[in-house]
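This report concerns only the one structure given below.
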Amino acid sequence: MWVDINAHLEKLDDSIEQVNQDCATSNVTVIWSGFQPSQWAQMQALDHVRCAFGLHPHADAKVPDWLDRLAAYLDDHPTAPVGEIGLDARVGFPDFARQSAQFEAQLALAKSLDRAVIIHAVKAHQAVLDALKRTQTTRFVVHAFSGSLELARAYLALGGYLSCGGLTTRVPAPRIMAQLAELPISRILLESDAPDLPVSGKAQGHPCDVRHIGQTLAERLGLSVQDLADQTTANAQALFGCDFVQSG
């Protein structure tokens, strides 16, 4: 079994029902990540689709009571993670001070509810680390991680996990791939980030691509594909508090 810990299913060409069918065929469970209040209302959990709720740093939170709405969605979904949330310091994205306030508010909410967090961090890793320390957040994963070994260890030291996505299948691969064996395999997760960051040779990602990503990682680490699948599934279960057992 495989677990895709981060995908944006509303952006795929296929319907959610078709994605659920595809995942069932490929023995994949996917976490559908939240973006903003209007999208939260569209989300639905199915046998192979679970939901996370969060305000993405790229979202423009025009709804004044968004944090109350987020708390309500999380209350209605007792095992749902908080995500995808985080910080993005690139030019052209929402005001960084506002991002920071929204990020820390959501970290505090996740902490109060003991929920795992799916984190987006682009050109803002130190600020993310500082926020995690201030809020004493320890249940988190940094999605699509492609940073240095030193940065990886800084996240792991706080209790976090790192997620590998489609970029790991490309040439050149992210720099962390050359040193992946130096990190504990018990802290590695998989994701498609579908439809973004597709695997090599594809124009659009799909949750079922985690099989390809897993096969690539297994080869790099000298593991069997089955061992890698079992380990990353166990890691997802440990972080998210779900057994990810298929019901179909």
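Each reported figure results from applying straightforward, stated rules to the coordinates on display, with no laboratory input. If you're wondering where the values come from, they're calculated on a predicted model, not measured in any experiment. So basically every Cβ, Gly included, is an ideal-geometry build from the backbone, and we count neighbours across all protein chains shown.
See the values below:
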read-out	value
DSSP beta bridges in the chain [antiparallel fraction, %, rounded to 5]	5 percent
Of 190, 12, 74, the one that fluctuates the most in a GNM where the chain has Cα springs shorter than 10 Å	12
Relative contact order (percent, whole number), the chain, Cα cutoff 8 Å, 6+ residue spacing	21 percent
Ranked packing of 228-235, 158-165, 15-22, 58-65, most packed first, by mean Cβ within 10 Å	158-165, 228-235, 15-22, 58-65
Least to most buried among 150, 191, 10, 84 (fewest other Cβ within 10 Å first)	150, 10, 84, 191
Sequence of 134, 69, 115 once ranked by neighbouring C-beta atoms within 10 Å, starting from the fewest	134, 69, 115
3J(HN,Hα) from dihedral phi, region 37-49, Karplus parametrisation 6.51/-1.76/1.60, rounded to Hz, x for glycine, proline	x, 5, 7, 3, 5, 8, 7, 9, 8, 10, 4, 10, 10
Karplus (6.51, -1.76, 1.60) ³J(HN,Hα), θ = phi - 60°, over region 137-142, in Hz, Gly and Pro reported as x	7, 10, 9, 7, 10, 8
Fully extended contour minus Cα-Cα distance, from residue 22 to residue 243, at 0.36 nm per residue	77.6 nm
Gyration tensor (alpha-carbon) shape descriptor, region 143-248, a/c threshold 1.5	rounded
Order of 35, 93 under a 10 Å beta carbon neighbour criterion, fewest first	93, 35
Shape of region 2-240, Cα gyration tensor, a/c cut at 1.5	oblate
Electrostatic dipole magnitude of region 2-240 [Cβ: Lys, Arg +1; Asp, Glu -1; Cα centre; debye, to 20]	740 debye
Of 151, 30, 113, farthest towards positive along the dipole that unit charges on Lys, Arg, Asp, Glu beta carbons give the chain	151
Whole-Hz couplings from phi, Karplus 6.51/-1.76/1.60, listed for region 193-200; x for Gly and Pro	6, 4, x, 7, 6, x, 5, 3
For residue 189, distant residues with modelled amide H under 5 Å away	162, 163, 164
